[in-house]
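A.B. asks: I'd like to ask you about the structure that follows.
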Amino acid sequence: MSTSERLIESTRELLWERGYVGTSPKAILERAEAGQGSMYHHFKGKPDLALAAIRRTAEELLATAEGVLDGPGTPYERIEAYLRRERDVLRGCPIGRLTMDPDIIASDELRAPVDEALDRIRERVAGIVEEGKEQGLFAPSLDGEEIASTVLATVQGGYVLARASGSPAAFDAGVRGLLSLLTPARPV
């Protein structure tokens, strides 16, 4: 792995663990096993490196989500697969963690990849809900955008509840609750 790749990956990990303020250039260099000055050779500074790391995290999250949401199955099954996909629930979401960081939220440039990734997932889920409505799987009264926001809120809120309780059970309960509300009507 090249030095710039090690710097990006180390920054991604540190942002997830410590947030922006807690991620010092020294910590990045130590984690990346890079010499002093390496960061400034490849990046303009910490904000530039953080932006590269945040973009990579957002791209990875988006690719994972789209891989599940664009997979096989009915609209309900694809949303269920997204909600139930394997996650390190107690560690939290690397993108969700960034939304809690005041320095990232205060920077339009650093916040943009986070917002764009969440928007794209929300748009994809909304499209799947609309597809399910067209197929008669979901009630015509459902609003795809509202359900998509609820799906994302369930995932992000589930991380918070699981971390607070120290157990993935809270995340799983939120997922089960949402899925029970979305379960297609069964013919009588």
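The values are calculated or read from the model by the stated rules, or taken from the named source; none is laboratory data. Note that this is a predicted model, so its numbers are computed, not measured. Positions of Cβ are generated from backbone atoms using ideal geometry, with glycine treated the same way; all protein chains shown enter the neighbour counts. Ligands, DNA and RNA are stripped out before the accessible areas are found, and what is left, the full protein with its side chains, is counted by its heavy atoms. Shrake-Rupley method; radii C 1.70, N 1.55, O 1.52, S 1.80 Å.
A.B. asks: Step by step: find N for the chain, compute 2.2 N^0.38 Å, then divide the Cα radius of gyration by it. What's the final number?
C.D. replies: 1.17
A.B. asks: Run the Debye formula on the Cα coordinates of the range 54-134, all scatterers equal and no solvent, and tell me log10 I(q)/I(0) at q = 0.10, 0.12, 0.17 1/Å.
C.D. replies: Reported log10 I(q)/I(0), two decimals: -0.27, -0.38, -0.71.
A.B. asks: Give me Rg/Rg_expected for the range 111-188, where Rg uses Cα atoms only and Rg_expected = 2.2 N^0.38 Å with N residues.
C.D. replies: 1.24
A.B. asks: What do you get for Rg/Rh of the range 128-171 when both radii come from the Cα atoms and Rh is the Kirkwood radius?
C.D. replies: Ratio of gyration radius to Kirkwood radius for the range 128-171: 1.19.
A.B. asks: Let me ask something additional. Would you mind getting the accessible area per residue of the chain, heavy atoms of the protein chains only, 1.4 Å probe, in Å²?
C.D. replies: 53 Å²
A.B. asks: Follow-up question, since we're still on this one. Quick one: net charge of GLU116's neighbours, Cβ under 14 Å, K/R +1, D/E -1?
C.D. replies: -2
A.B. asks: Separate question: Tally Lys and Arg at +1 and Asp and Glu at -1 over the other residues with C-beta under 10 Å from the C-beta of THR99: what net charge comes out?
C.D. replies: With Lys, Arg at +1 and Asp, Glu at -1, the net is 0.
A.B. asks: How about the range 11-116: which GluC sites (Glu not before Pro) there lie in a loop by DSSP and see at most 14 other Cβ atoms within 10 Å?
C.D. replies: Those satisfying the criteria are GLU33, GLU86.
A.B. asks: Right, something else. What net charge do the residues around VAL160 carry, taking every other residue with its C-beta under 15 Å from that of VAL160, with Lys and Arg at +1 and Asp and Glu at -1?
C.D. replies: +1
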